[in-house]
Each structure stands twice: as C-alpha cells, then as structure tokens.
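Quick notes on the structure that follows.
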Amino acid sequence: MGIFDRFRRVVKSNLNDMISKAENPEKMLNQLIVDMNQQLIESKKSVAGAIADEKKLERQVKENLAAGAEWERKAMLAVRAGKDDLAREALMRKQEFDKTATQYKEQWEAQHEAVEKLKSALRSLQAKIEEAQRKKNLIIARSKRAEAQRKINETIGGLSDTSAFEAFEQMSKRMDQLEAENDAMAEIEHFTTGGDNLEQQFAQLEAGSSNTDAMLEDLKKRVAIEDKRDGGPTAAGTGGASGAASGRSGENAADAVGDDVDDELEKLKKKLQEDS
C-alpha cells in the first residue's frame, strides 16, 4: 500500500503548492488532474509489478509441486525395481521440493491478497480521479462566478468614491458656464445690431399703416355705394318739409353709418393687432 501513500503525498504537496499560488483556478485544476493521472499511471505500473510477482510465485509453487511429483514417481519406480535405497533418496528429494512449494505457496497467498487489495485501491483511486474530473467544471464555473462578483463589487466600490461624482458635478458646472457665455454673446450681438433692427421694425410699421389706410379708403367707398343703392340722403325727388325731414333723417342715417364705420374700423384695428 506504500505506492498509494506516496501518491497521496505527492498530490497533496502539489495541491497545497497550487492553492498557495491560486493565480488561475482553472489552470490549477487542469494541472492537478494531469498530475493525478500521471500518478495513477505510475500506480498502475506498481500494481502491475505486484501482479507479476504474484504470477511468478504461483509458477514457482507449481514447478516445485511438479518436481516433487516427479520424484515421487521415481521413488515408486525404484520400489518396483526392489531398490529401496534409491527409492528413499527419491522420496527425500520429493520432500525438499514439497517443502519449497509450501513456502512459495505461503508467499504466493500473501502476495495474492496484497494484489487484490492493490487492485481494489487502484479502482477506487481511478473512480476518485474521474469524479474529480467531473467536479472540475463545476469548480471552474463557481470560480468564474466568484471572479465576476468580485469585479462587480470592485466596480460598485469605485462608484462609491466621491471622485467620480465630483467629476460629473464639475462637468455640469462647466456646461452651465458655457451656456451662460453663449447667452451673453447672443445678447451682445443683439445690442450691436440694434440700429438695423430698429429700422426694420419701423419699415414694417409703415408698411402696415399704408395697408390699413388703403383698406379704410376701400371700406368707405363700399359704404357709400351701399347707401346710394338703399336710397340714402343723396337720392333724387325729395323737397320741402319732406326734403327737410328727409334731410334730417339722412343726417341721422349718416351719423349711424359713421358710427358703424367707426365700429368696423375699431374691429379692423383689433384684428390687425391680433394678426400682428
């Protein structure tokens, strides 16, 4: 069983060395599996050597038993020939080979028991290595999750630092300053070009007044035409008191028309103001 003790010591030593470094868990586990498989190969070689020794002992047992049987056959041949002394020598040789065969058999039985234990341990070791290979991917996945969580925590820790927020605050203040400077430049530009703007405003006002006067003259003409069509104060065939009455009625109608014109003018001014 010493080979497996050595295997455990080697693997444990390599594992402790890798864990102490622990720079790359995936690389570490892969290397550990490689080392374990290498040690497994060496263990298999040792077990194969033990099995070979067992086979050799078994062969020696059989050879000594066969030799003893051969001397027993010779002793029987000597007895049949009436040569007891020769038969006695043959039996002594048989006993020697039987004794040696018994010794080899004891060693063979012990070796066989040891080999069976080695085979069992080797199968268990191989099963553990296969299990380690299966668990390797799970451990690597856990390692990657832990590394991702560590980076997230570092990022969050970095954000908690006020320097990052101070940078945003400084940038915001800088933008406010730039916007204020742009507004100031626009206001200065307005002051420097104020004369031109004033002339443009008066030109627009004069154009608007001319349009208003033209509309007013047109409206007066339309009112005069409607008064003539309706028999107003300028209609022919009126005279005397009727003419006077008609004259007064015409004056009142003219006043009413004038009031209507003024109302229309006021409405028109309001509409112009609203449109402007």
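Observations on the model:
- In this calculation the C-beta distance from Arg134 to Lys62 is compared with R0 = 35 Å, giving a FRET efficiency of 0.20.
- Per-residue Cβ neighbour counts within 10 Å put Ser43, Ser120 in the sequence Ser120, Ser43, beginning with the fewest.
- When the pairs Lys62/Lys99; Lys74/Lys94; Lys55/Lys94; Lys27/Lys144; Lys221/Lys270; Lys62/Lys117 are compared against a 19 Å limit on Cα-Cα distance, Lys55/Lys94; Lys221/Lys270; Lys62/Lys117 fall above it.
- On the basis of the beta-carbon distance and an R0 of 51 Å, Glu42 and Thr155 show a calculated FRET efficiency of 0.65.
- In sequence order, segment 100-106 has phi-based couplings of 5, 4, 5, 4, 5, 5, 4 Hz under the Karplus curve 6.51 cos²θ - 1.76 cosθ + 1.60, θ = phi - 60°, and Gly or Pro positions carry x.
- Going by neighbour counts of Cβ atoms within 10 Å, the residues Lys136, Lys128 line up, fewest first, as Lys128, Lys136.
- Cut-off 18 Å, label 7 Å out along Cα→Cβ of Ala114, residues of segment 30-71 by amide N: 43-61
Laboratory data are not the source of any read-out in this text; all were calculated from the coordinates shown. Worth saying up front: this structure is predicted, and the values here are computed from it rather than measured. So basically every Cβ, Gly included, is an ideal-geometry build from the backbone, and we count neighbours across all protein chains shown.
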